[in-house]
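Input: a single structure, listed below in structure tokens.
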Amino acid sequence: WLKLCRVDPGSRPMPSIDSLSESIKKACNIHDSSPKIKHMRSVIIYAHKSGSTDDIWNILQLRTPHSNEISAHKSLCLIHKLILDGPHPATIHEANRHSSFFEPFSVNRNDLIANYSNYLAEKGIFHSEYANITGTFDYKVWQKSPNDDENHRFLMLSNCYGLTMKLKKLKDQTSGNN
């Protein structure tokens, strides 16, 4: 369902902080269902319109989604979607600044939430090392640039492959194909 929520901010007005907070609250609720696309879209549009995700991180940290596993998982899904479709590179830099947000997810949690949290933290590290690569790994950025040497490109591809394998394991764990 992450793929279903492609966001085009277009000419929509910028949501207010109260609207953002309400969208995050509804996207990360405790009901056992996936977050509604309209709430995630509203959060991503806010990030695009403001050019920052700091308000989103502040609201997420105040909501303390760590107390409930369903809410925690939905918060991680929202963050993942934000990294994929948020304003690049601001989203990735701000996710790295708020990396402490992921730590409580790894403690006393089921494997799925801990692994998802670790994956998102590692994805943030990867993107901080390779700032020209977007959260969606767009093909255009993989084309050879004149200042990249072959060793750097090989290391980048190797690190990307490792990250992709972690995502595959996470997907297998989610679908029960351990």
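The values are calculated or read from the model by the stated rules, or taken from the named source; none is laboratory data. All of these numbers come straight from a predicted model, not from anything done at the bench. Ideal geometry is used to build each Cβ from the backbone, glycine not excepted, and the neighbour counts take in all protein chains shown. Areas reflect the complete protein model, heavy atoms only, side chains present, ligands, DNA and RNA absent. Shrake-Rupley method; radii C 1.70, N 1.55, O 1.52, S 1.80 Å.
Label positions at Glu129 and Gln61, each projected 7 Å from the Cα along the C-beta direction, are separated by 2.6 nm. For segment 27-73, with all protein chains in place and a probe radius of 1.4 Å, 49% of the accessible heavy-atom surface sits on carbon or sulfur.
Per residue, how much space in cubic angstrom lies within the convex hull of the C-alpha atoms of segment 72-114? Walk me through the intermediate numbers first.
Details: hull volume 2.5 nm³, N = 43.
Taking the convex hull of the Cα positions in segment 72-114, it is 58 Å³ per residue.
The charge dipole of segment 30-103, taken about its Cα centre with unit charges on the Cβ atoms of Lys, Arg (+1), Asp and Glu (-1) only, comes to about 280 debye.
Between Asn96 and Phe137, the distance separating the two model label sites (each 7 Å from Cα on the Cα→Cβ line) works out to 1.9 nm. Computed extension length for Thr174-Glu69: 36.4 nm, one decimal, from 0.36 nm per residue of separation with the Cα-Cα distance subtracted.
What accessible area per residue comes out for segment 17-98, rounded to a whole number of Å², with a 1.4 Å probe? Don't skip to the end; give the middle numbers.
Numbers: 3450 Å² over 82 residues.
Per-residue accessible area for segment 17-98 comes out at 42 Å².
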